Amino acid sequence: MSYTDLSVNIGKLHLKNPVLLASGTVGYGNEISKFTDLSKIGGIVTKSLSLKPRKGNPPQRIVETPSGMLNAIGLANVGVEAFIKEKIPFLKELNTTIICNIAASSIEEYVECTKILNPVDTINAFEINVSCPNVKEGGLIFGNDLNSVGRITEMVRSATNKPLIIKLSPNVSRISEFARIVKEEGGDAVSAINTLVGTSFDIWTRKPKIKNVTGGLSGPAIKPVALAKVLEIKRNVDIPIIGIGGIMNWMDTVEFMIAGATAVQLGTVNFINPNAGVEIVEGLHSYCEKQSIQKLSDLIGSFQL
Ligand SMILES: Cc1cc2nc3c(=O)[nH]c(=O)nc-3n(C[C@H](O)[C@H](O)[C@H](O)COP(=O)(O)O)c2cc1C
């Protein structure tokens, strides 16, 4: 029996398989590495990095909701300098692709972060978070504005030759317009989706369960929304898509690939099963064999309407 080649290309970024771990759910890779073999997955995306360290929002920052969770972490991270000094040495030894996620509160900060990180060989690509719903500055103010997303893509593009992925917000009416501007301004790919804005109340205290009042909804609850956004981009813009949102197993992964995703990212599932990525790669292998799929490009965007 032939063994399916699971490798994929996201623009000029080569991945040994299409399963990535999503930003903010695996820190900088070190803690999760005790529970899974990171060399078996396609790659990891770091927690969003900003120019200076950030403490994030005060607790309560996460709460479970039906089929998902809300988070308002507020981009807590060590900052780019400490990341290079303290986190890169560990990441360098991992035999997997490292995608560095950047968040900022101004276009200049995105560019500055990219310039500082760009010379680091261990970083294989950048993912730009223009879609965090949990911060006052930046975040959705950028992610909901076509001109800002275009300008950020253009400016970051001029600061690096590494593969450039823009992570899009689902909190917009036409996500494909954002994907189109990313392509026009030189982005290599888009990832879709970040979390959806949500909230939840304690009926006894009548207070929000999240201190920030609103948070980002993730997990299986958002999967149909994420699939519809991936499909919308696939049908309207010729750009590689990394599908994200509620993926729990290999079947969800196949669904995203049929809708048009070249690769996927796993977020919330890592908190339930930190070995989910490896299990999904194995499940994808046997699905491809059973379906006689020789290469994944035969699966990507193969929906029948
Ligand atoms: C606790 C938590 C923290 C997150 N932090 C970030 C972040 O720092 N940057 C980012 O781009 N996305 C962040 N995300 C969003 C995820 O990367 C992903 O887009 C989202 O959770 C949807 O995928 P999922 O349903 O598989 O979790 C975070 C998600 C969670 C649950």
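The values are calculated or read from the model by the stated rules, or taken from the named source; none is laboratory data. Predicted model, so just to flag it, every value in this text is computed and none were measured. Virtual Cβ from ideal backbone geometry, glycine too; neighbours counted across all protein chains shown.
Would you say Leu15 is in contact with a strand residue (DSSP E or B) (Cβ under 7 Å, 6 or more places away or on another chain), farther than 17 Å from Asn273 by Cα, in contact (Cβ under 8 Å) with a residue 40 or more places away in the chain and surrounded by fewer than 24 Cβ atoms within 10 Å (Cβ to Cβ)? When the stated conditions are applied, Leu15 passes them. Residue pairs whose Cβ atoms lie under 6 Å apart, separated by 6 or more positions or on different chains, with the first residue in the range 83-106 and under 16 Å from Leu49 (Cβ atoms) and the second of a type in the set (D, E, K, R), are Ile99/Glu127; Asn101/Glu127; Ser105/Glu137.
Quick grid of which residues meet (1) more than 15 Å from the ligand (Cβ to nearest atom); (2) in a helix (DSSP H, G or I):
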site	(1), (2)
Gly216	no, no
Ala226	no, yes
Met248	no, no
Ile258	yes, yes
Glu289	yes, yes
Phe303	yes, no
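The criterion of at least 1 residues that are touching a strand residue (DSSP E or B) at 6+ places or on another chain (Cβ under 8 Å) and acidic (Asp, Glu) is met, among strands (runs of 3 or more DSSP E) falling completely within the range 87-200, by 125-129.
On inspection, Val80 qualifies as closer than 29 Å to Ile210 by Cβ, modelled with pLDDT of 95 or more and either touching a helix residue (DSSP H, G or I) at 6+ places or on another chain (Cβ under 6 Å) or of a type in the set (Phe, Trp, Tyr) (or both). If only residues of the range 271-287 that are within 17 Å of the chain's Cα centre (by Cα) and surrounded by 20 or more Cβ atoms within 10 Å (Cβ to Cβ) are counted, the one that is nearest to the ligand (Cβ to nearest atom) is Ala276. Check whether at least one residue in the range 145-162 is in contact (Cβ under 8 Å) with a residue 60 or more places away in the chain, within 19 Å of Gly11 (Cα to Cα) and within 16 Å of the ligand (Cβ to nearest atom), and report yes or no. So far as the range 145-162 goes, no, none of its residues is in contact (Cβ under 8 Å) with a residue 60 or more places away in the chain, within 19 Å of Gly11 (Cα to Cα) and within 16 Å of the ligand (Cβ to nearest atom).
Contact map, the range 264-275: first residue closer than 23 Å to Leu13 by Cβ, second residue part of a helix (DSSP H, G or I) and within 8 Å of the ligand (Cβ to nearest atom), Cβ cut-off under 9 Å, separation 6 or more or different chains; pairs are Val269/Pro220.
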